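Here is the structure we will look at, set down as structure tokens.
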Amino acid sequence: MLSKPAKTLVIGGNIWYLGEGMLGPLFAVFAERVGGDVLDISWAWAAYLFATGAAMMVASRVADARKSQARMMMCGYALNAACTFGYLFVSSPLHLLIVQLGLGIANALATPTWNALYARFEDRQHECTTWGL
């Protein structure tokens, strides 16, 4: 039912979300450890969401114009890995904010390009099942 490229995208996407899901519950504990409080966590999360939204509009236009969806998606995954590794060097709420901005940009590079590639390789006869995976 799934083509090989679609299967690869599903596996890669699941690994991405597994990693994000494992980090999420530890985020508040980590932010408190570097001297942050609830307000700092809120600012860091808002920065992540803002960076994702603003960069996603730009990244999706660039990906369409240059037809470089696969490269941009891989750059997003690589930047996500680098920024996640950056958590090891966070020692203040400002550092946390910078890492969150980087993760937002990484998400903006990877998400729309993943969706475009998946739509290109989906099984047209089983669209709901394909997107339900």
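Given the conditions (1) within 30 Å of residue 117 (Cβ to Cβ); (2) touching a helix residue (DSSP H, G or I) at 6+ places or on another chain (Cβ under 8 Å); (3) free of Cβ contacts under 8 Å to residues at least 24 places away in the same chain; (4) of a type in the set (Val, Ile, Thr), report the number of the one that residue 52 does not fulfil. Only one criterion is unmet by residue 52, namely (3). I'm trying to understand the selection: among the residues of region 69-90, which are closer than 15 Å to residue 101 by Cβ, in contact (Cβ under 8 Å) with a residue 24 or more places away in the chain, assigned to a helix (DSSP H, G or I) and not small (Gly, Ala, Ser)? Once the filter is applied, which keeps residues that are closer than 15 Å to residue 101 by Cβ, in contact (Cβ under 8 Å) with a residue 24 or more places away in the chain, assigned to a helix (DSSP H, G or I) and not small (Gly, Ala, Ser), region 69-90 yields 79, 80, 84, 87. Filtering region 91-124 to residues that are among the hydrophobic types (A, V, I, L, M, F, W, C), touching a residue at least 60 places away in the same chain (Cβ under 8 Å) and over 17 Å from residue 32 (Cα atoms) leaves 110, 114, 117, 121.
Of everything listed in (1) within 16 Å of the chain's Cα centre (by Cα); (2) modelled with pLDDT under 85; (3) under 30 Å from residue 126 (Cα atoms), the single unmet condition for residue 24 is (3). Among the residues here, residue 44 qualifies as in contact (Cβ under 8 Å) with a residue 12 or more places away in the chain and surrounded by 15 or more Cβ atoms within 10 Å (Cβ to Cβ).
The values are calculated or read from the model by the stated rules, or taken from the named source; none is laboratory data. What you see is a predicted model; the values in this text were computed from it and never measured. Methodologically, a virtual Cβ is constructed for each residue, glycine included, from the backbone with ideal geometry; neighbour enumeration extends over all protein chains shown.
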